[in-house]
Amino acid sequence: MHSTLTVHQRKRIPAAFALITAATLALTSCGSGNPEAAAGGAQPAGKSDKIPTTDVVKGVKKDKAAAELLPADVRASGTLTVGSSIGGTPPGAFYLPDGRTAAGQDIDFTDAVARVLGLKLKREAASFEAILPALGSGKYDVGTGNFGVTDERRRTIDFVTYINDGQGFAVRKDSDLKKVTDLSRLCGLNVATGAGTTFEATLEENKRLCTDAGKKPYSVKTYADQSAIWSSLQQGRSDVVMSTINGLRYAVAHQDGLKFLNEFHRLDVGFAFKKGTKLAPAFRAAVNKLIADGTYDRILKKWGTSASAIKTSQISPPEIKD
């Protein structure tokens with residue numbers, strides 16, 4: 001139904017992305033990966049592949065009022081352990097070409113909040129699907145990974161919101177697929193997405209829409225590695241990618257032969273904590289402080305995600321229904 005990109009197009013991968021991809025693959029066996037922060041891929045000549053590295057949080061100062069909201073034991077220790085899903089590509093959390101330095105929107109937000117609260121972070125890379133369960137066991141104090149706030153997750157996890165992102169679709173430019181207003185538009189197609197994400201859950205739950213309409217169900221192809229998602233689309237093994245709105249927009253802007261199709265469903269995104277955490281009020285105050293002093297806008301501008309700005313941070317708000 002759809003033709004694949006030419007060999008010439010698929011080979012046009014700049015050195016910067018190649019290095020990031022190599023780092024991602026090397027870390028996969030250690031449990032790294034960031035399915036909900038999907039982005040990146042082959043970038044054509046003429047499109048910018050420069051990774052933004054401006055330090056937009058170095059000037060952030062401790063805010064006494066926000067820090068006093070921390071539990072006494074955290075104030076005494078001065079540290080927090082963060083489980084971070086790292087190993088994707090911009091604007092999500094990824095590694096710079098040195099293979100060691102973490103960067104991305106989630107990294108900047110976490111570092112900025114830590115500065116406001118006067119805390120030092122012990123950041124541990126973990127697989128996306130492993131972070132939320134590990135919060136309950138106490139392995140991590142907070143988790144980051146572009147976690148969407150859903151009613152299902154709120155049953156066992158507390159969130160402090162810092163951006164609004166959500167679900168969307170991208171296809172090859174030669175695709176006949178138009179705007180996806182409901183998932184029945186995907187019937188008969190191969191849909192690529194990240195393993196263990198809200199996207200996978202949404203797709204699996206709605207396959208019946210096709211059978212109910214007497215149509216062939218779509219096939220869900222899941223990948224833990226983000227480069228594999230985009231390779232499957234570029235090489236014709238998948239017809240469409242479902243992922244984060246911000247990740248898709250960034251990826252399409254930096255890859256040849258692809259187009260962003262449309263937004264499908266918006267979701268608030270937040271820092272994740274075990275249920276009943278006492279850290280949430282301090283984190284909310286810190287995010288609101290960053291919004292007030294302009295640091296928040298600078299982080300979004302750096303990663304090209306200003307359309308995801310929120311007006312105020314909330315603790316575990318109800319899932320956005322649209």
Residue match in segment 233-246 (condition: at pLDDT below 95, hydroxyl-bearing (Ser, Thr, Tyr) and assigned to a helix (DSSP H, G or I)): no
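Would you point out which residue out of ARG249, ARG237, ARG266 is charged (D, E, K, R), in contact (Cβ under 8 Å) with a residue 24 or more places away in the chain and touching a Phe, Trp or Tyr at 6+ places or on another chain (Cβ under 9 Å)? Before you say what the answer is, go through the steps one by one.
Values: ARG237 fails: touching a Phe, Trp or Tyr at 6+ places or on another chain (Cβ under 9 Å); ARG266 fails: touching a Phe, Trp or Tyr at 6+ places or on another chain (Cβ under 9 Å).
None of the other options fit; the residue is ARG249.
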Those residues of segment 269-298 which are touching a residue at least 40 places away in the same chain (Cβ under 8 Å), within 25 Å of GLN167 (Cβ to Cβ) and β-branched (Val, Ile, Thr), in sequence order: VAL269, VAL287
Boolean, LYS289 is touching a helix residue (DSSP H, G or I) at 6+ places or on another chain (Cβ under 7 Å), in a helix (DSSP H, G or I) and over 16 Å from ASP106 (Cβ atoms): yes
Given (1) within 21 Å of GLU152 (Cα to Cα); (2) surrounded by 24 or more Cβ atoms within 10 Å (Cβ to Cβ), number of the condition GLY276 does not satisfy: (2)
Selection count, segment 202-232, where residues are in a helix (DSSP H, G or I), without any contact (Cβ under 8 Å) to a residue 40 or more places away in the chain and not hydroxyl-bearing (Ser, Thr, Tyr): 8
Failed criterion for ALA309 (all others in (1) under 29 Å from ASP55 (Cβ atoms); (2) crowded, with 21+ Cβ neighbours inside 10 Å hold): (2)
Enumeration of residues in segment 121-141 that are out of contact with any helix residue (DSSP H, G or I) (no Cβ under 7 Å at 6 or more places or on another chain) and closer than 23 Å to LYS62 by Cβ: LYS122, ARG123, ASP141
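Looking at GLY138, GLY188, which one is out of contact with any strand residue (DSSP E or B) (no Cβ under 6 Å at 6 or more places or on another chain), under 30 Å from ARG75 (Cβ atoms) and touching a residue at least 12 places away in the same chain (Cβ under 8 Å)?
GLY138
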Subset of segment 171-199 (residues that are surrounded by fewer than 18 Cβ atoms within 10 Å (Cβ to Cβ) and within 15 Å of LEU248 (Cα to Cα)): LYS173, LYS179
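The values are calculated or read from the model by the stated rules, or taken from the named source; none is laboratory data. Predicted model, so just to flag it, every value in this text is computed and none were measured. Neighbour counts are summed over all protein chains in view; Cβ atoms, including those assigned to glycine, are modelled from backbone coordinates with ideal geometry.
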